[in-house]
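The values are calculated or read from the model by the stated rules, or taken from the named source; none is laboratory data. Predicted, not measured: the structure shown is a model, and the values here were computed from it. We place every Cβ from the backbone using ideal geometry, glycine too, and count neighbours over all the protein chains shown.
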Amino acid sequence: MDYKHVVVLTGAGISAESGIPTFRGAGGLWFKHRIEDVATTEAFARSPALVLEFYNQRRAQLEIAQPNKAHTALARLEQGYRVTIVTQNVDNLHERAGSTNVLHLHGQLCQARSSADPDLVVDIGYRPIRMGDTCPLGSQLRPDVVWFGEPVPMMHKASAVVATADTLLIIGTSLAVYPAASLAHEAPARAVVFVIDPEAEPGWIPGARVFREKATRRVPLLVDELLGM
Ligand code: APR
C-alpha cells in the first residue's frame, strides 16, 4: 500500500510533559546555564568536567522520564502512514514510545563519541561520561550531541525527508535555532502543515493549521483525525 508520508518536526516542547525541561520557556535550561559554558566546543576545551556533568545530569533525568501521550500517539500514526520523525531533541522518548524512524538532528544523549573522531560513536545508555573515559583511540569521550557552532551532519538528510512530506507536523519547537528551524519552511507547497505549540503564532507558517495547545492534548486528537478514527 502506498502510504502517504507524514514528517514530524519535534522540539523540546514534546518532551516537556515528560518532565524534561525545554530550553527557552519558563524554567528552561538556558535560564539556568549559559550556552557558552556547557554547549560549545570552547566550553568543553575550557571546562570538560563541567560540560560532562551538565549532560550526565540530563542523561540521569532521561532514565526516569517516560514517553508521554504525544510520543505514543506519533508511534500509533505508523499504523496508517509512512512516518519520519525529525527531532531536535537528544532524548530517546520517541524510540521508547515505539516510533521506528527517528532522525536526530542534534545527536543523542545516550551515545558518546570520541573527541578525536566524530564518527567513533558508542552507546552508553544512561551511564555518565567521566573525565578519563576514553575512546579506543585513547581520546576523551564526549556527548554525541551537536554543540552550538558545530556542523549539523544530519541536516542534508532531514531536508531531503521534509521535501517528500505529504503532511508536516511541527510540534513543540520555538523554531529559534538554525539550520533546524529552516525545515519548517521546506515542505512541498502541496503539503498540509499543522503546528502544535501553546505559544505558536498564527502566522508562523503561512497556511498552517495552528493549535495553541499542549502536545499531550492535541497530538492524540490529530493522530485520530489523520487515521480517520
Ligand atoms: N506542548 C507543546 N509545546 C510546548 C509545550 C507542550 N507541553 N511546552 C512548551 N512548548 C513549546 C514552547 O512554547 C516552545 O515553543 O516548545 C517550544 C520549546 O522551544 P525551545 O525551548 O526553544 O526548544 P527547541 O525549539 O527544541 O530548541 C531548539 O535549541 O538549544 C538548542 O539544541 C537545542 O534542540 C534545541 C534547539
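Among the residues of segment 194-201, is any assigned to a loop (DSSP other than H, G, I, E, B), more than 9 Å from the ligand (Cβ to nearest atom) and under 18 Å from Ile85 (Cα atoms)?
Narrowing segment 194-201 to residues assigned to a loop (DSSP other than H, G, I, E, B): 197-201.
Filter once more, keeping what is more than 9 Å from the ligand (Cβ to nearest atom): 201.
Next, from what is left, pick out any that are under 18 Å from Ile85 (Cα atoms): none.
No - not one qualifying residue is present in segment 194-201.
Going through segment 139-154 one residue at a time, which ones are of a type in the set (A, V, I, L, M, F, W, C) and surrounded by fewer than 17 Cβ atoms within 10 Å (Cβ to Cβ)? Show your work before the answer.
Taking segment 139-154 as the starting set, the residues that turn out to be of a type in the set (A, V, I, L, M, F, W, C) are 141, 145-148, 152, 154.
Passing the criteria: Phe148, Val152.
Take the residues in segment 79-113 that are free of Cβ contacts under 8 Å to residues at least 60 places away in the same chain and polar (S, T, N, Q), then tell me which one is surrounded by the fewest Cβ atoms within 10 Å (Cβ to Cβ). Let's see the steps before the verdict.
Going residue by residue through segment 79-113, those that are free of Cβ contacts under 8 Å to residues at least 60 places away in the same chain are 90, 92, 95-104, 107-113.
Among the residues that remain, those that are also polar (S, T, N, Q) are: 92, 99-101, 108, 111.
Numbers: Asn92: 22, Ser99: 23, Thr100: 11, Asn101: 15, Gln108: 21, Gln111: 18.
Looking at residues that are free of Cβ contacts under 8 Å to residues at least 60 places away in the same chain and polar (S, T, N, Q), I get Thr100.
Does Ile129 fit the bill of being in contact (Cβ under 8 Å) with a residue 60 or more places away in the chain and either assigned to a loop (DSSP other than H, G, I, E, B) or out of contact with any Ser or Thr (no Cβ under 6 Å at 6 or more places or on another chain) (or both)? If you could, list the steps in order and put the result at the bottom.
Details: in contact (Cβ under 8 Å) with a residue 60 or more places away in the chain: yes; either assigned to a loop (DSSP other than H, G, I, E, B) or out of contact with any Ser or Thr (no Cβ under 6 Å at 6 or more places or on another chain) (or both): yes.
So Ile129 passes the test.
Within segment 14-42, track down each residue that is touching a Pro at 6+ places or on another chain (Cβ under 8 Å) and near the ligand (Cβ under 9 Å from one of its atoms).
Gly28, Leu29, listed by residue number.
Residues Arg46, Arg76: which one is surrounded by fewer than 22 Cβ atoms within 10 Å (Cβ to Cβ), under 17 Å from Val223 (Cβ atoms) and among the basic types (Lys, Arg)? Before you say what the answer is, go through the steps one by one.
On the way: Arg46 fails: under 17 Å from Val223 (Cβ atoms).
Just a single option satisfies the conditions, and that option is Arg76.
Can you give me the ranges of the helices (runs of 4 or more DSSP H) entirely in segment 40-118 with at least 1 residues that are small (Gly, Ala, Ser) and in the same structural domain as Met229 (by TED's automatic domain parsing)? Before you say what the answer is, go through the steps one by one.
Working: elements: 41-46, 48-64, 69-76, 93-97.
The helices (runs of 4 or more DSSP H) meeting that bar are 69-76, 93-97.
Looking at the structure I just gave you, is Phe23 over 18 Å from the mean Cα position of the chain (by Cα), among the aromatic types (Phe, Trp, Tyr) and closer than 24 Å to Ile129 by Cα?
Numbers: over 18 Å from the mean Cα position of the chain (by Cα): no; among the aromatic types (Phe, Trp, Tyr): yes; closer than 24 Å to Ile129 by Cα: yes.
So Phe23 fails the test.
Under 28 Å from Arg113 (Cβ atoms), aliphatic (A, V, I, L, M), more than 14 Å from the ligand (Cβ to nearest atom) and surrounded by fewer than 18 Cβ atoms within 10 Å (Cβ to Cβ): does that describe Ala160? Steps first, please.
Details: under 28 Å from Arg113 (Cβ atoms): yes; aliphatic (A, V, I, L, M): yes; more than 14 Å from the ligand (Cβ to nearest atom): yes; surrounded by fewer than 18 Cβ atoms within 10 Å (Cβ to Cβ): yes.
Criteria met by Ala160.
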